[in-house]
Amino acid sequence: MADQNELFSALVERDKAGQQSQDLIPSRHGITDALIMLLPPEEEYDQAMGRILSNPVSMGNLKFMMLPHGYSAEDAGARRRSRGERQERKVLLDYAIAVKKSLVPEHIVREISDDEYLPPKRVLIDNGHIDMDEPYLVIGCCGLLNIDAFNRSSSAGIILDARFWRTGISSTALYYTLRYGFNDMKLHRIAFETTEKNAGMRGWLENVLGVHVENIRKEALYLGNGKFVDSWDYAIFDYQWHGRTEARLRSKLRMVG
């Protein structure tokens with residue numbers, strides 16, 4: 001009987017922890033940093049996201065996510081609404097990655113047309129607002145997917161405009177995504193799904209986060225036209241994050257405090 005009582009108590013505590021994590025999935029979350037802003041997705045971002053999702057360079061390692069005809073603004077809007085519904089169901093946390101015009105690296109400025117910039121606005125979030133006080137760009141998206149509050153697990157993902165690769169923006173966006181998952185939502189495990197050819201992501205996971213591939217799922221991702229590719233699966237755990245990984249990532253990003 002004692003063993004059964006202990007099991008019941010453990011399950012109750014586990015359920016409470018899961019409910020707590022679920023309650024911490026916000027409706028409109030935002031994060032500001034000296035380099036980027038993570039904003040709740042909006043309709044006016046659909047055109048930029050459609051352009052990024054259709055770009056063969058930006059999506060070169062994510063071909064399994066592309067549509068055969070590319071993404072129109074309407075397609076990107078449908079994707080945004082679908083993800084918004086999943087966030088309402090507490091199984092996804094979605095961000096648009098934005099950068100203010102004055103913070104666009106000099107070597108990239110000449111590659112951006114004036115009509116890509118969005119006008120200044122006040123972005124409402126759950127606990128206040130973020131002032132985009134100058135023209136800005138939406139350059140990608142990131143977030144937590146497949147959130148399982150009961151088991152305190154999730155997966156993380158990011159898509160970034162190829163013009164902004166190797167600028168530190170991807171690492172910064174993923175840092176804040178992981179920090180919210182582990183520090184605020186109290187998740188235990190966050191997984192990453194990539195491919196063998198995605199050397200940049202695998203190198204970041206292995207050399208920066210210090211984690212190793214835990215599983216290779218053969219032909220798990222469909223590329224279209226009858227072609228499949230293996231999924232290389234990684235995961236980071238809360239004890240790794242709090243033990244050394246957060247500090248390593250902050251050091252790489254030269255964050256202080």
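The values are calculated or read from the model by the stated rules, or taken from the named source; none is laboratory data. Bear in mind that the values here come from a model prediction, so they are computed numbers and not experimental data. Note that each Cβ is placed from the backbone with ideal geometry, even for glycine, and that neighbours are counted across all protein chains shown.
Evaluating Gly181 against the criteria (1) in contact with a strand residue (DSSP E or B) (Cβ under 8 Å, 6 or more places away or on another chain); (2) modelled with pLDDT under 95; (3) under 16 Å from Gln240 (Cα atoms) leaves one unmet condition, (2). Of the residues making up the range 70-85, those that are free of Cβ contacts under 8 Å to residues at least 24 places away in the same chain and surrounded by fewer than 20 Cβ atoms within 10 Å (Cβ to Cβ) are Gly70, Ser72, Ala78, Arg81, Ser82, Glu85. Screening Asn183 with (1) under 13 Å from Asp238 (Cβ atoms); (2) assigned to a loop (DSSP other than H, G, I, E, B) gives one miss only, at (2).
Hey, does the range 204-213 have a residue that's touching a Leu at 6+ places or on another chain (Cβ under 9 Å), closer than 19 Å to His29 by Cα and either polar (S, T, N, Q) or surrounded by 15 or more Cβ atoms within 10 Å (Cβ to Cβ) (or both)?
Checked against the condition, which is being touching a Leu at 6+ places or on another chain (Cβ under 9 Å), closer than 19 Å to His29 by Cα and either polar (S, T, N, Q) or surrounded by 15 or more Cβ atoms within 10 Å (Cβ to Cβ) (or both), the range 204-213 yields no hits at all.
Just to be sure, is Thr177 part of a helix (DSSP H, G or I), β-branched (Val, Ile, Thr) and touching a residue at least 40 places away in the same chain (Cβ under 8 Å)? Considered against the rule, which asks whether it is part of a helix (DSSP H, G or I), β-branched (Val, Ile, Thr) and touching a residue at least 40 places away in the same chain (Cβ under 8 Å), Thr177 comes out as yes.
Pick out the one residue from Arg51, Arg79 that is basic (Lys, Arg) and either in contact with a helix residue (DSSP H, G or I) (Cβ under 6 Å, 6 or more places away or on another chain) or closer than 16 Å to Ile139 by Cβ (or both).
Values: Arg79 fails: either in contact with a helix residue (DSSP H, G or I) (Cβ under 6 Å, 6 or more places away or on another chain) or closer than 16 Å to Ile139 by Cβ (or both).
Of Arg51, Arg79, the one residue that is basic (Lys, Arg) and either in contact with a helix residue (DSSP H, G or I) (Cβ under 6 Å, 6 or more places away or on another chain) or closer than 16 Å to Ile139 by Cβ (or both) is Arg51.
A residue that is surrounded by 13 or more Cβ atoms within 10 Å (Cβ to Cβ), within 25 Å of His29 (Cβ to Cβ) and modelled with pLDDT under 95 can be found somewhere in the range 231-245.
Select, from Leu92, Leu67, the only residue that is crowded, with 16+ Cβ neighbours inside 10 Å and either within 27 Å of Trp232 (Cα to Cα) or over 17 Å from the mean Cα position of the chain (by Cα) (or both).
From the options Leu92, Leu67, the qualifying one is Leu92.
Residues Ala17, Ala76: which one is aliphatic (A, V, I, L, M) and either part of a loop (DSSP other than H, G, I, E, B) or modelled with pLDDT of 95 or more (or both)?
Details: Ala17 fails: either part of a loop (DSSP other than H, G, I, E, B) or modelled with pLDDT of 95 or more (or both).
Within the list Ala17, Ala76, the selection yields Ala76.
Under 27 Å from Met255 (Cα atoms) and crowded, with 22+ Cβ neighbours inside 10 Å, is that true of Gly128? Explain how you work it out, then say what you get.
Working: under 27 Å from Met255 (Cα atoms): yes; crowded, with 22+ Cβ neighbours inside 10 Å: no.
In short, no.
Being acidic (Asp, Glu), assigned to a loop (DSSP other than H, G, I, E, B) and either modelled with pLDDT of 95 or more or exposed (fewer than 14 other Cβ atoms within 10 Å of the Cβ) (or both): is that true of Glu219 here?
Numbers: acidic (Asp, Glu): yes; assigned to a loop (DSSP other than H, G, I, E, B): no; either modelled with pLDDT of 95 or more or exposed (fewer than 14 other Cβ atoms within 10 Å of the Cβ) (or both): yes.
No, not satisfied.
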